[in-house]
Structures are given as structure tokens and as C-alpha cells.
1. Could you order peptides 83-91, 50-58 by the average number of other Cβ atoms within 10 Å of their residues, highest first?
2. HN-Hα J couplings of the range 57-65 from phi, Karplus 6.51/-1.76/1.60, θ = phi - 60°, integer Hz, Gly and Pro as x?
3. Please compare each pair in LYS96/LYS154; LYS61/LYS153; LYS75/LYS162; LYS52/LYS153 to a cut-off of 31 Å on the Cα-Cα distance and tell me which ones are over it.
4. What distance in nm lies between label points placed 7 Å from Cα along the C-beta direction at HIS170 and SER38?
5. Output ³J(HN,Hα) for the range 74-89: one whole-Hz value per residue in order, computed from phi by the Karplus curve 6.51 cos²θ - 1.76 cosθ + 1.60 with θ = phi - 60°, and x for Gly and Pro.
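Bear in mind that the values in this text are calculations on the coordinates, not laboratory data. Keep in mind that what you see is a predicted model, and the values were worked out from it rather than measured. Because the Cβ atoms are built from the backbone with ideal geometry, glycine has one as well, and the counts that use them run over all protein chains shown.
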Amino acid sequence: MKTSLHNLKWVCALLLVFGFINLNAQNNKKKTTVIDTSECLDFTGSFDGTVKDFDGTYTVKLYLDNKLITTQILKVKKRFSVILNKNSLYTVKVEKDGYIPKTVSINTTLPDKVEMTDLFRFNFETNLLSNDLAVHFEDDDIDFPVALVSYGKKCDCFEFNKEYTESLIHRMVNDLMFGG
């Protein structure tokens with residue numbers, strides 16, 4: 001009788017342990033979501049026509065989630081190009097010695113219903129301001145991106161937030177013209 005009681009305790013203990021393991025295994029079977037990070041955007045850029053006296057080279061830095069992932073050093077007349085993946089947050093920073101750098105923030109999140117047959121394209125043209133002018137601007141206005149680029153459902157394209165950029169330019173012009 002003592003052995004059968006002892007065996008019964010072992011069986012109950014094993015059932016409890018296996019039941020707990022089974023319950024734990026079922027709880028760990030969470031639905032995993034696969035995020036599509038395939039290529040989606042050819043982001044290109046160059047200097048606009050207002051920088052005719054530029055010479056030498058400039059640097060383009062590409063950040064993914066605030067981590068530097070690539071650097072390009074290019075001649076001033078050469079256009080840069082970076083291929084960006086879906087569902088990611090990028091920053092492109094354009095730098096040239098003696099000038100205030102410019103950054104662009106790009107959100108490549110696409111709705112699930114968007115079907116791609118080719119890469120989207122976005123072209124960025126810019127100029128750079130002399131470092132001598134930096135004292136006239138708020139630090140935030142210099143450090144913040146000059147443009148926020150994201151997918152627009154209405155145009156089925158990548159576009160920049162016009163209101164954001166216009167507001168930033170307006171503040172910077174006021175700071176320059178009227179001293180803030």
C-alpha cells in the first residue's frame with residue numbers, strides 16, 4: 001500500500017510538471033508578425049542651381065534607426081542615391097566643410113495594400129548655408145530635419161510634409177531677417 005501511494009504521488013507530481021510545461025509551451029506560442037523589409041525606395045539627391053560656386057566634395061551619411069549604416073563621399077556635381085527598405089526609419093545627412101549640414105527624415109512604412117511593381121523614387125534637391133550664418137538660427141532649427149518624407153496614399157508616392165518644411169523655413173527666414 002505504501003508503494004502504490006508513493007507511486008501515485010510520483011504520477012501526480014509528473015502530471016503537474018508536464019501540465020505546467022505544456023501550459024507554458026502553449027503560452028509561448030505567440031503569433032509572430034513578419035515585417036517586410038524589402039527594398040522600396042530609391043532616394044536620390046543633389047545640390048540645386050543656387051550653389052554654383054561649390055567645388056570639391058560633400059558627404060552623405062545614411063542612418064537607420066539613428067545608427068550610421070553608410071557614408072558616401074561625392075564630388076559636388078554628382079548626385080547621391082540610396083536604396084531604402086520598407087518599414088524603416090531613415091535619416092539622410094548632407095554635409096560639406098564650412099556649411100551647416102542638412103538632414104531629411106524618411107519613414108518607409110507602407111500600407112499592407114500597396115503593391116509594388118518597381119521601386120518608388122524620391123528626388124531631393126538642396127543647398128547649404130554657410131556656417132557663418134549658424135549664429136542667427138535656433139539650434140533646434142539647424143538640428144531638426146529640413147524635410148519629413150513618407151508614403152502618401154493620395155498620390156501613391158513618397159512625398160515630403162510641406163507644412164513642416166514651410167514652417168521651418170519661415171522660422172529660419174524670420175531669425176535671419178529680424179533676429180528671431
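1. Details: 83-91: 16.8, 50-58: 12.3.
Per-residue mean Cβ counts within 10 Å order the peptides as 83-91, 50-58.
2. Per residue, the Karplus-derived 3J(HN,Hα) values read 10, 9, 10, 10, 10, 10, 10, 10, 6 Hz.
3. LYS96/LYS154; LYS52/LYS153
4. If labels sit at HIS170 and SER38, their model points lie 4.1 nm apart.
5. 3J(HN,Hα) across the range 74-89, in whole Hz: 10, 5, 4, 7, 8, 7, 9, 8, 9, 9, 10, 8, 5, 6, 9, 10.
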